[in-house]
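One structure below.
Only the coordinates and a few stated rules stand behind these numbers; no lab work does. Since this is a predicted model, take the numbers as computed values, not measurements. Note that we place each Cβ from the backbone using ideal geometry, even for glycine, and neighbour counts take in every protein chain shown.
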Amino acid sequence: MPGSPFVERPSSVDAFLPIGGLMAFKYFALTGIVDPVHPAGFIMFVAILGVSLVLKKGFCGWLCPIGTLSQYVWMTGEKLFGRNFRIKGYTDISLRSLKYLLLGMFVFLIVIAMPANMMALFFIADYYKAVDVRMMKFFTEMTTLTMWVLIGLGVLSLLYKNFWCRYLCPYGALAGLLSRLSPVKIRRNEEKCVHCHACTTHCPTQIDVEAKTVVKSEECFGCLTCVSRCPAKGALEVRASAGKRTAVLKPWLFPVLLVVLFYVVIGIGIATGNWHSKVPYQDYQSLIPEIQKEYANRKVVLKPERAQRNTQGRKETLRTPN
Ligand code: SF4
Ligand code: SF4
């Protein structure tokens, strides 16, 4: 039909706008209004918070696409180099604090410093309406700097398990902090443990599981590798506690509950009409060409600069005496 999109915009692309999700969360908390521009970002933000509160940092371990990609990259690294490397001691602690610093910066800028009326103005701005398109362009037409940063992260992720998640992801930092409140934890039974070190050796987040009675660490993303590697029946269990009552959770139930809870929240978003963007396609029809023009102009500006640099470089080489 004339005027309708060639490809329908999937609302789930809002997942790539986590800062928008945090803004929308604060805006909803203050006004009770869901961001109409990228509502799916808000819904997914709530789903991640909810999952982390109930089922620890399980989103990172089972659902996050970046976490999944990270895992395949370090597994490739393990195959290439025969092992993954480890950053230990104070260096590891200092690097892990980076993600909390990033989280703190976003919390300060959005939760503390940004008033609701400023957010309302931001939500109706053209920049925010097409911020998902800009995000796509950020990767599909990346600058040289972005490319080298991504290559650097890729190499570090080959060498070190979950480099991005462990040291840099502010989303993971938030999920980890909330996971401390989760009633579900990995528990070790000292009487049944045969101290084979398998759990500690295979934990991808470097937790010394063998030395713990309860794994409370905010780094634990509930992958259950430790449970699956444990040879002693009943030595490691997933347990849900409420007060003094505690119940064993079958390991397979953990990812099932995780997926169900996550998609229940998404389902509520869809059912209440808070999933698809309210931005009309006519707006995209005028905004997208503008962004394309902006990126095309950037290339035109960058190319002569590069050409000039290359010519200067060549002249200097000719001038340099042997
Ligand atoms: S192996 Fe066990 S302790 Fe380590 S991250 Fe996975 S669930 Fe947590
Ligand atoms: S894998 Fe099981 S038996 Fe081995 S150290 Fe860990 S808890 Fe103990």
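So here's what we get for this one:
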| item | result |
| --- | --- |
| Whole-Hz ³J(HN,Hα) from phi, Karplus 6.51 cos²θ - 1.76 cosθ + 1.60, for region 219-229, glycine and proline x | 7, 5, 9, x, 6, 6, 4, 4, 5, 5, 8 |
| Folded to 0 to 90 degrees: helix 281-319 orientation relative to the chain principal axis, Cα | 80 |
| Inter-part distance where region 62-106 and region 204-228 are each reduced to a Cα centre, Å | 15 |
| Helix 144-159 axis, angle to the chain major axis (alpha carbon atoms, nearest 10°) | 20 |
| Computed magnitude of the charge dipole of region 11-279 (debye, nearest 20; Cβ of K, R +1, Cβ of D, E -1) | 820 |
| Segment VAL214-ALA242, extension gain: residue separation times 0.36 nm, minus the distance between their alpha carbons | 8.6 nm |
| Value at 222 nm in deg cm²/dmol, rounded to 500, when DSSP H runs of n ≥ 4 in the chain each add -39,500 (n - 2.57) | -18500 deg cm²/dmol |
| Burial ordering of ILE112, ILE33, fewest other beta-carbon atoms within 10 Å first | ILE112, ILE33 |
| Taking the chain and dividing mean pair separation by its residue count, relative contact order in percent (alpha carbons under 8 Å, at least six apart) | 26 |
| Positive-pole candidate from ALA15, PHE42, CYS64, dipole of region 1-91, charges at beta carbon | CYS64 |
| Within a Gaussian network of the chain (alpha carbon springs, distance under 10 Å), most fluctuating of LEU55, LEU258, LEU69 | LEU69 |
| Antiparallel bridges, percent of DSSP beta bridges restricted to the chain (to nearest 5) | 90 |
| Inter-probe distance in nm under a simple model that places probes 7 Å from Cα toward Cβ, at TYR263 and MET105 | 3.7 |
| Neighbour-count order for MET44, MET118, fewest beta carbons within 10 angstrom listed first | MET118, MET44 |
| Full-extension gain in nm, LEU98 to VAL7, via 0.36 nm per residue minus C-alpha separation | 28.9 nm |
| For the chain, the fraction of alpha-carbon pairs in successive 20 Å shells from zero, as % | 25, 51, 21, 3, 0 |
| Using alpha-carbon coordinates, inclination of helix 65-81 to the longest axis of the chain, degrees | 80 |
| Under 20 Å from the SER228 label point (7 Å along Cα→beta-carbon), backbone N, region 80-108 | 80, 83-84 |
| Options LEU102, LEU156, PRO170, ranked by Cα towards positive dipole end of the chain, top entry (Cβ charges) | LEU156 |
| Separation of the ILE66 and ALA125 label points, Cα + 7 Å toward Cβ, nm | 2.2 |
| Cβ-Cβ FRET estimate between VAL155 and LEU181, R0 fixed at 35 Å, reported to 0.05 | 0.50 |
